[in-house]
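**Student:** One structure, pasted below without further comment.
The values are calculated or read from the model by the stated rules, or taken from the named source; none is laboratory data. None of the values given here were measured: they were computed from a predicted structure. These accessible areas exclude ligands, DNA and RNA; they are computed on the full protein's heavy atoms, side chains included. Shrake-Rupley method; radii C 1.70, N 1.55, O 1.52, S 1.80 Å.
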Amino acid sequence: MKILAFESSCDETAVAVVEDGRKVLTDQIFSQADLHAVYGGVVPEIASRCHVESISLLTDRALQAANISREDIDAVAVTYAPGLIGAVLVGVNFAKSVALALGVPLIPVHHIRGHIAANYLAYPELEPPFLCLAISGGNSLLVDVKGYTDMEIIGQTRDDAAGECFDKTARVLGLPYPGGKPIDALSQGGDDSKYSFPISHLDDNPYDMSFSGLKTAVINLVHNAEQKGEELDRASLAASFTKAVSDSLVPRAIAAAKEKGRDKLVVAGGVAANSRIRADFKAAAEANGLQLFVPPLRLCGDNGAMIGAQGYYEYLAGTRAGSDLNAYATMDLNVAYDTLTR
Ligand code: KG4
């Protein structure tokens, strides 16, 4: 079964063709990051307009690259939530029109479910159940993935997402947007014990996370140093900051996997590209006898293939959207789409 999949929830326009949920025939991505970099973050209206301009061209390119015609498409999948609302609306409306024109089913896909499914593309043997940490620019979630479409959130950030914290830290250090990759590069060779940063512990749910205290601590350190005319060791600051994020994430994910009795641990989302976090997960999983799955770098960030992968399993579970499909800026990933429309 060939699914044409669309992703437009933030600043990547992405169109993919995925076969049977596991085989990527093409994965076309147009990143708008350069357009937003000058503003230090994503400008929603620019993102929406850019999606409008590029989505048709990318779709033509995807069909060509996959070497298929429109008649070969069996279903259309699209990110319907969460994200920048104007941006999500572009993908939803385009996908709706394509599904209507081709007379094929329309499958709504939750963006974070897509990030989790990126791992099915990289690891053919991976099947639920498993414990997943999803860490992206807008979300940080610990999810018990009981089945392909049956998920329970067991912890989440109370404030900023991990990726947001990387982006704000990069900004205060004068690094370009998005800041995760430049911080990763800067931290290489830095001393991770030079600066000490807070790691949150939330009494009522040990699996919930908080990154706003860490963000504020970094901003205060940089501003204080500027005011006193002191030079900071930027590489060590980036390394110490990354250690604090990793120490917030890795032990929580390991403890959650153990508590839920899962022997497989999956990491997903843009922040899963971080070299320190990947290394810490590898060491911790080995030490705790857990099988670790982390996507290759190209599947960590937003892409259309992950939406096609999850779309296949949503299709098998009977999830369908009608022509009244809407876009949502926020939506829990454990809410089944059909319960929204009842
Ligand atoms: O998953 P993603 O592409 O988009 C969302 O769905 O949000 O994640 C983007 C986030 C950004 O905050 C970016 O700075 C972060 O992922 N990121 C990284 C790295 N590469 C991207 N964070 C830390 N280290 C990296 N190497």
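**Student:** Using Cα-Cα distances under 8 Å and only pairs 6 or more residues apart, what relative contact order does the chain have, in percent? Mind dumping the intermediate values first?
**Tutor:** Numbers: 756 pairs, mean separation 84.9, N = 342.
Relative CO of the chain lands at 25 percent.
**Student:** Hey, another quick one. Carbon and sulfur: what percent of segment 171-224's accessible surface (1.4 Å probe)? Show your work: numbers first, answer last.
**Tutor:** On the way: 1500 of 2930 Å².
Of all accessible area on segment 171-224, carbon and sulfur atoms account for 51 percent.
**Student:** Right, next: Which whole-number value in Å³ per residue fits the convex hull of the alpha carbons of segment 241-342?
**Tutor:** On the way: hull volume 14.6 nm³, N = 102.
Dividing the Cα hull volume of segment 241-342 by its residues yields 143 Å³.
**Student:** Looking at the chain as a GNM with Cα springs under 10 Å, which of His111, His51, His201 has the largest mean-square fluctuation?
**Tutor:** Of His111, His51, His201, the most mobile in the Gaussian network model is His201.
**Student:** Under a 10 Å cutoff between Cα atoms, tell me which one of Ala321, Ala47, Ala238 has the largest fluctuation in the Gaussian network model of the chain.
**Tutor:** Ala321
**Student:** Same structure again: In units of 2.2 N^0.38 Å, what is the alpha-carbon radius of gyration of the chain? Each step should come with its number before you reach the end.
**Tutor:** Numbers: Rg = 20.0 Å, N = 342, 2.2 N^0.38 = 20.2 Å.
Its radius of gyration relative to the 2.2 N^0.38 Å reference: 0.99.
**Student:** How far is helix 111-122 tilted, in degrees, relative to the longest principal axis of the Cα atoms in the chain, given as a value from 0 to 90 rounded to the nearest 10?
**Tutor:** The two axes meet at around 90 degrees.
**Student:** Sorting Ile85, Ile107 by accessible area (1.4 Å probe), largest first, what list results? Spell out each step's value before the answer.
**Tutor:** Numbers: Ile85 75, Ile107 0 Å².
Order by accessible area, largest first: Ile85, Ile107.
**Student:** Holding the Cα-Cα limit at 25 Å, pick out from Lys260/Lys282; Lys215/Lys243; Lys2/Lys96; Lys146/Lys215; Lys146/Lys258 the pairs that are longer than that. If you can, show how the numbers build up before the last one.
**Tutor:** On the way: Lys260/Lys282 20 Å; Lys215/Lys243 13 Å; Lys2/Lys96 17 Å; Lys146/Lys215 33 Å; Lys146/Lys258 14 Å.
Flagged as over cut-off: Lys146/Lys215.
**Student:** What list of ³J(HN,Hα) values in whole Hz, one per residue of segment 318-326 in order, does the Karplus curve 6.51 cos²θ - 1.76 cosθ + 1.60 (θ = phi - 60°) give from phi, with Gly and Pro shown as x?
**Tutor:** Calculated HN-Hα couplings, in order: x, 6, 9, 10, x, 6, 8, 3, 10 Hz.
**Student:** Right, another one. Once phi is turned into ³J(HN,Hα) by the Karplus curve 6.51 cos²θ - 1.76 cosθ + 1.60 with θ = phi - 60°, what whole-Hz value does each residue of segment 286-292 show in order, with x for glycine and proline?
**Tutor:** 4, 5, 10, x, 9, 7, 9
**Student:** Springs between alpha-carbon atoms under 10 Å, Gaussian network over the chain: tell me which of Leu232, Leu133, Leu106 tops the mean-square fluctuations.
**Tutor:** Highest fluctuation among the options: Leu232.
**Student:** When ligands, DNA and RNA are left out and all protein chains stay put, how many square angstrom of accessible area per residue does segment 146-200 have with a 1.4 Å probe? Display every interim value, and only then the final one.
**Tutor:** Numbers: 2610 Å² over 55 residues.
Value returned for segment 146-200: 48 Å² of accessible area per residue.
**Student:** Follow-up. What is the percent carbon and sulfur in the accessible area of segment 1-125, measuring with a 1.4 Å probe over the protein chains and ignoring ligands?
**Tutor:** 54 percent
**Student:** What residues have an amide H closer than 5 Å to that of Thr157, excluding those fewer than 5 places away on the same chain, when H is modeled at 1.01 Å from N in the peptide plane?
**Tutor:** Here the answer is Ser140, Met209, since their amide H atoms fall under 5 Å of that of Thr157.
**Student:** Once every DSSP H run of n ≥ 4 in the chain is given -39500 (n - 2.57) and the sum is divided by its residues, what mean residue ellipticity at 222 nm do you get, rounded to the nearest 500 deg cm²/dmol? Before the final figure, lay out each step's value.
**Tutor:** Values: 12 runs with 155 residues, N = 342.
Dividing the helical sum by the residues of the chain leaves -14500 deg cm²/dmol.
**Student:** For segment 205-213, just list the computed ³J(HN,Hα) in residue order, Karplus coefficients 6.51, -1.76 and 1.60, θ = phi - 60°, integers in Hz, with x standing in for Gly and Pro.
**Tutor:** Whole-Hz 3J(HN,Hα) from phi for segment 205-213: 9, x, 8, 6, 10, 8, 10, 6, x.
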